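Structure record follows, encoded as structure tokens.
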Amino acid sequence: MTKSIQHTLFFPHTPEVVWEYLTTAELLAQWLMPNDFQPIVGCDFQFRSKPKEELGFDGISYCKVLEIVPPKRLSYSWKAGPGNGQITLDSIVVWTLTAKDNGTELSLVHSGFKEIENFAIYQGMSAGWPIHVKKIGELINAAKHGSTIA
Amino acid sequence: MPQNMAQPSLDEFQAIADPSRRQILRLLSKERLTINSLAENFDMSRPAVSKHIKILEYTGFISIEDIGRERYCTLKQDGFNKLQDWIGFFDTFWKDKLKKLESLLNNKTTKK
């Protein structure tokens with residue numbers, strides 16, 4: 001089970017230039033989503049997108065700036081849910097910028113999918129699934145033929 | 001959250017947000033069990049356990065089968081699959097968005 005999302009990109013621009021695109025509301029809106037981001041630690045902001053009903057997502061991402069180290073590191077919490085203040089997604093986005101080869105290496109880690117991490121204990125279960133199902137089938141058959149199941 | 005327990009509008013995440021329901025799933029991951037034998041593992045009343053089981057059934061984590069006079073609970077894959085959906089969603093989401101960022105930045109003339 002995947003527990004985080006990671007991407008690394010290279011841009012032929014200085015970290016300062018890339019940083020602008022991560023921390024200016026207007027520039028963020030150009031590639032990410034409409035937002036009211038402010039580069040201040042502790043600041044709440046939102047991203048707005050289309051709702052995804054099948055996910056239980058009303059399209060509003062509730063974020064809070066956790067860390068700002070220009071032009072090196074930016075992180076914010078990212079919460080979302082079906083609406084009415086219900087939160088079913090509780091995660092963290094971390095951006096890291098590293099000056100490299102006359103450009104910038106940008107890395108994104110989206111992790112801390114809380115419930116999913118808590119739930120990773122069931123990981124092993126998926127692997128054992130076919131065996132499990134087979135066993136159930138056998139038990140049901142046995143029951144149908146009148147044997148008792150303890 | 002216990003107040004909302006009876007509402008079938010709970011989603012997969014809320015279903016597993018409750019420690020008792022996690023415990024039920026953990027017990028069922030070893031073997032299928034009757035509602036009665038599951039209830040023996042908890043201090044709460046049988047109706048309370050039944051309520052949790054109904055939520056797990058509704059959200060696709062377990063199925064219930066009547067065999068003779070007993071009701072057997074078995075784990076089901078559906079609920080578990082749904083949990084991966086958020087991550088799957090964001091995986092595609094970030095790929096798309098980062099592509100946009102890339103083209104934005106690549107079309108930009110490098111500042112001197």
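Table: residues versus (1) more than 7 Å from every other protein chain (Cβ to nearest Cβ); (2) at pLDDT 90 or above; (3) not in a strand (DSSP E or B).
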| residue | (1), (2), (3) |
| --- | --- |
| B:Leu56 | yes, yes, yes |
| B:Tyr72 | yes, yes, no |
| B:Gly79 | yes, no, yes |
| B:Leu83 | no, no, yes |
| B:Trp86 | no, no, yes |
| B:Asp91 | no, no, yes |
| B:Asp96 | yes, yes, yes |
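Criterion first (under 18 Å from the mean Cα position of the chain (by Cα) and either surrounded by fewer than 17 Cβ atoms within 10 Å (Cβ to Cβ) or on the phi < 0 side of the Ramachandran plot (or both)) does A:His13 satisfy it?
In short, no.
State all residues of region B:38-54 that are of a type in the set (A, V, I, L, M), assigned to a helix (DSSP H, G or I) and surrounded by fewer than 16 Cβ atoms within 10 Å (Cβ to Cβ); if no residue qualifies, say none.
B:Ala48, the sole residue that qualifies.
Quick one: in region A:20-75, which of the residues that are under 17 Å from B:Phe89 (Cα atoms) and polar (S, T, N, Q) is nearest to the other protein chains (Cβ to nearest Cβ)?
Within region A:20-75, the match that is nearest to the other protein chains (Cβ to nearest Cβ) is A:Ser49.
Could you list all residues from region B:14-49 that are in contact (Cβ under 8 Å) with a residue 12 or more places away in the chain, over 24 Å from A:Thr88 (Cα atoms) and small (Gly, Ala, Ser)?
Across region B:14-49, there are no qualifying residues.
From the list B:Ile35, B:Ile16, exactly one residue is modelled with pLDDT of 90 or more and either more than 30 Å from A:Leu22 (Cβ to Cβ) or surrounded by 21 or more Cβ atoms within 10 Å (Cβ to Cβ) (or both). Which is it?
Residue meeting the stated conditions: B:Ile35.
Name the single residue that is nearest to the other protein chains (Cβ to nearest Cβ) among those in region B:13-38 being among the hydrophobic types (A, V, I, L, M, F, W, C) and closer than 10 Å to B:Cys73 by Cβ.
The selected residue is B:Leu25.
The values are calculated or read from the model by the stated rules, or taken from the named source; none is laboratory data. Here the structure is a predicted model, which is why all the values come from computation and not from measurement. Note that each Cβ is placed from the backbone with ideal geometry, even for glycine, and that neighbours are counted across all protein chains shown.
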